[in-house]
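The values are calculated or read from the model by the stated rules, or taken from the named source; none is laboratory data. Note that the coordinates shown come from a computational prediction; the quantities given were computed from them, not determined experimentally. When we count neighbours, we look across all protein chains shown, and the Cβ atoms used for this are built from the backbone with ideal geometry, even at glycine.
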Amino acid sequence: MLSAKLLEVIFQCTFSFVDHVDYIIKICSQRIFLLKQLRDQGLPLQNVHTVFQATVPSRLLYGSAWGPLLNMESVNRIDSCLSRCHHCGFTIVNSYPHKH
């Protein structure tokens, strides 16, 4: 499938954003894992949350203007990642604006 990355958003020739959602879920999962490791190694919680706020929500929410073009499966996968953040003790200040 042909795709191109522009301004950190992966565009597919079919105007599907499945590849983009796969990519951001992968990146955010890696960051959540690393933040949990830092927390478990004794980094103060305030610092862990600061790093979390600076890295994960921005990646999940960037390009949210494309929300109307996302299929329901992609929206559910992003919501699931947000729920996983909350389950791990990380709270996102802003919520995902295109929740259906």
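Inspect all residues belonging to the stretch 62-69 and state whether any of them is of a type outside the set (S, T, N, Q), closer than 21 Å to residue 90 by Cβ and in contact (Cβ under 8 Å) with a residue 12 or more places away in the chain.
yes
Can you tell me which residue within the stretch 1-35, out of those that are within 24 Å of residue 48 (Cα to Cα) and basic (Lys, Arg), is surrounded by the most Cβ atoms within 10 Å (Cβ to Cβ)?
By that ranking, first place goes to 31.
Between a residue in the stretch 70-81 that is touching a residue at least 40 places away in the same chain (Cβ under 8 Å) and of a type outside the set (A, V, I, L, M) and any residue that is surrounded by 16 or more Cβ atoms within 10 Å (Cβ to Cβ) and part of a helix (DSSP H, G or I), which pairs come within a Cβ distance under 7 Å, given they are 6 or more apart or on different chains?
Pairs that qualify, where the first residue is touching a residue at least 40 places away in the same chain (Cβ under 8 Å) and of a type outside the set (A, V, I, L, M) and the partner is surrounded by 16 or more Cβ atoms within 10 Å (Cβ to Cβ) and part of a helix (DSSP H, G or I), are 74/18; 74/21; 77/21; 77/25; 81/25; 81/28; 81/60.
Of these, 43, 60, 38, which one is within 15 Å of the chain's Cα centre (by Cα), surrounded by 11 or more Cβ atoms within 10 Å (Cβ to Cβ) and not polar (S, T, N, Q)?
60
When only residues in the stretch 76-100 that are in contact with a Phe, Trp or Tyr (Cβ under 9 Å, 6 or more places away or on another chain) and at pLDDT below 80 count, which is nearest to residue 60 (Cα to Cα)?
The selected residue is 92.
Return yes when residue 12 is of a type outside the set (Asp, Glu) and modelled with pLDDT under 90 and no when it is not.
Judged against the criteria, residue 12 is a match.
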